[in-house]
Amino acid sequence: MGQDQEQLAKGEDTAPPVGVLHRKAHTGRAVHQARAMTLAKALRLTLAKVADDLFDMAMAVIGLRRETHSADNLDQVFPADALLLLMEGPQRQRGGVVVDQALVGALLQQQTMGKVLPAAEGDARAMTETDAAMCAPFVDALIHRAAGLPETEADRQLISGYTFGARTETPRLLLMALTAQNYEIIEITVDIDGGTRQGTLTLCLPHSEAVTDPGSGDEAEEDGASAAKPTPKKLTETVLGLRVDLNI
């Protein structure tokens, strides 16, 4: 105690070195990031829980990749041989979900036979409405349960409110229904039944675009025009509005 008082009297600095403070701050950030509930972590935890609760099925996420794509670069996201689902979201936004053949087959086998068989060559087939009806509850439950878990508001808004709308037969029809400018692509690689199969589930969700209320914003008053964007049409309205030339 006397030594401390003597150091203070001499004007000596008793604060820890700057390097020590930096290390402590870095450690604190690392601990927070490890505990933070990211969207990726929410999907990992939720997918395994949903598979077990709905179908008594063992699933685990073994890989997850996120990318941002513009609407003009979505062609490679929707393969023709997969199950393509149109998702209806809040404020009439629309997204897409791709369930590959291996995961579709596993979900169907578990619900009909109570077990999953290894994938074999020649299993590829055309997807049907029955496939969509049996896979949609899994997709809906995954999105619904994961939506409230992420720590950031941006991630919660990205995934919240989406439910199965319809199956689309071709990638072209699904692309026609997606009207946003940018999309978040979340590709989830899944291990099924302890290595019996591996499948892929891909979420294609639109980035929310700010809509200005003409009666509340200063910019709207200065421009003298509404900044609100028109409500996107439904898929059926888009298809019925296409021009077709019929030669007889």
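Extension gain for His69-Thr179 works out to 38.3 nm (0.36 nm per residue, less the C-alpha to C-alpha distance).
Between Gln76 and Met37, the simple spin-label model (points 7 angstrom out along Cα→Cβ) gives 3.4 nm. The gain in end-to-end length when the Ala120 to Gln198 segment is fully stretched comes to 26.9 nm, 0.36 nm per residue minus the alpha carbon separation. Full extension of the chain segment joining Gln157 with Ile62 gains 31.7 nm, where the gain is 0.36 nm per residue of separation less the Cα-Cα distance.
Each peptide among 117-124, 192-199 gets the average number of other Cβ atoms lying within 10 Å of its residues, and from highest to lowest they stand as 192-199, 117-124.
Output the relative contact order of segment 108-163, whole-number percent, from Cα pairs under 8 angstrom with separation of 6+ residues. Relative contact order for segment 108-163 comes out at 26 percent. Each part reduced to its alpha carbon centroid, segment 58-116 and segment 134-167 end up 12 Å apart.
In segment 34-189, taking the dipole from charged Cβ atoms about the Cα centre, the farthest positive-side position among Gly148, Leu74, Leu47 is held by Gly148. Here the calculated FRET efficiency for Gln91 and His144, from their Cβ-Cβ distance with R0 = 25 Å, stands at 0.90, rounded to the nearest 0.05. Once both labels are positioned 7 Å from their Cα atoms along Cα-to-Cβ, the gap between His207 and Arg172 label points is 2.9 nm.
Where a number appears in this text, it was derived from the coordinates with a stated rule and is not lab data. Keep in mind the model is a prediction, meaning the values are calculated, not measured. When we count neighbours, we look across all protein chains shown, and the Cβ atoms used for this are built from the backbone with ideal geometry, even at glycine.
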